[in-house]
């Protein structure tokens, strides 16, 4: 029963999200031999002022 | 000091959330014998296009 | 499809965990009207040196 | 800068984990057009008594 | 490669967030001896009706 | 009531963790003006085979 959480910057289309969850699920089924229907994926979108790398907000880069 | 994170699809009323956190807290106090005031609960609401099961977005089901 | 994550200090018995997930699930079904089989719960146990409050590790309290 | 957290039951080999992170990363690059080196993945393994579905611990199923 | 997630109530300015991520990063570099550019920080803002303490929503306190 | 989760590779001493939570807490109090006793911090340590960057496990780097 893998649970996947994906945190990413806002701005992807629903087509991209659809393709992402479909393919991430397929990869889990293939590599860790779980059942397809057991895979849950949660997407969390962030504003660029809510993610930082090396101490700098993405909105300031 | 239990910390509870609850991820759920948008659309519940504040009355439902109020009842949920009250009763989840009571259940923790009762079952794992922690202090009531020590329980923190965070709710995160998701759009249906941000949750998938079996490789399919909820917004596509 | 609520996903619940519960972070707590180590030391509870499996009986306590069993009661906790059963009752937390029932409370969600009752308060936010989801299906019982849709509720996933993940428990994460922590050492006391991995949780802090007010800047102090639990292992130092 | 996607951050992926994967929660799964213990018992996979390092070869499976290696294949999983490699392919999940490739899928993100392909579907959401991020840079490969920007993808971080965290794996968290769980005991069967730390995950529940429908109110029942996996260790009791 | 520390990954930091900070959950807090809405209402801080971008200046506060900028200072927070800069200083949290510096503290990690200093205390756990990691590289500055390796530190990722994700901020998640919550409405007061999405956080509870002792069974009571912040919006009800 | 900020809740901070810090994910990092295993191997730090308790002295390092003690200093880290103390100083991270001070920084939050200073930059986002919260109360010291309101800050919770959870540390999660990872094996190097449980974290990947750019599709490669840290244990393989």
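Using only DSSP helix segments of four residues or longer, with each worth -39500 (n - 2.57), what per-residue ellipticity at 222 nm results for chain F after dividing by its residue count and rounding to 500? Working shown, then result.
Details: 1 runs with 19 residues, N = 61.
Calculated from helices alone, the mean residue ellipticity at 222 nm is -10500 deg cm²/dmol.
Looking at segment D:3-60 only, what percent of DSSP beta bridges run antiparallel? Nearest 5 please.
For segment D:3-60, the DSSP antiparallel bridge percentage is about 20.
Rounded to the nearest Å, what's the spacing between the alpha carbon centres of segment E:26-45 and segment B:47-61? Just the number, please.
Between the Cα centre of segment E:26-45 and that of segment B:47-61, the gap is 33 Å.
Say a label goes 7 Å from Cα toward Cβ at residue E:35 in every copy; what distances in nm does this one have to the rest, shortest first?
The projected label point of residue E:35 is separated from its counterparts by 1.3, 4.2, 4.4, 4.4, 4.8 nm.
Given Cα pairs under 8 Å that are at least 6 residues apart, what percent is the relative contact order of segment D:1-43?
Relative contact order comes out at 70 percent.
How would A:53, F:10 line up from fewest to most surrounding beta-carbon atoms within 10 angstrom?
F:10, A:53
Can you put C:4, F:14, B:29, A:21 in order of Cβ neighbours within 10 angstrom, beginning with the fewest?
Sorted ascending by nearby Cβ count, the order is F:14, B:29, C:4, A:21.
Measuring nothing but label to label, 7 Å from Cα along Cα→Cβ, what are residue B:48's distances to the other copies in nm, shortest first?
Its label point is 3.2, 3.2, 3.6, 4.7, 4.9 nm from the equivalent points in the other copies.
How many nanometers, to one decimal and shortest first, lie between the label point of residue D:10 and those of its other copies, if labels sit 7 Å from Cα toward Cβ?
Distances to the matching label points in the other copies: 1.1, 1.1, 4.0, 4.1, 4.2 nm.
How many partner chain Cβ atoms sit within 10 Å of a residue's Cβ in peptide D:28-38, on average, as a whole number?
What the average comes to for D:28-38 is 5.
I want the antiparallel fraction of DSSP beta bridges within the protein assembly as shown, as a percent rounded to 5.
For the protein assembly as shown, the DSSP antiparallel bridge percentage is about 50.
FYI, it's all coordinate maths here, none of it is from the lab. Treat the numbers as computed from the prediction; the structure is a model and nothing was measured. Please note: Cβ atoms are built from the backbone with ideal geometry, for glycine as well, and neighbour counts cover all protein chains shown.
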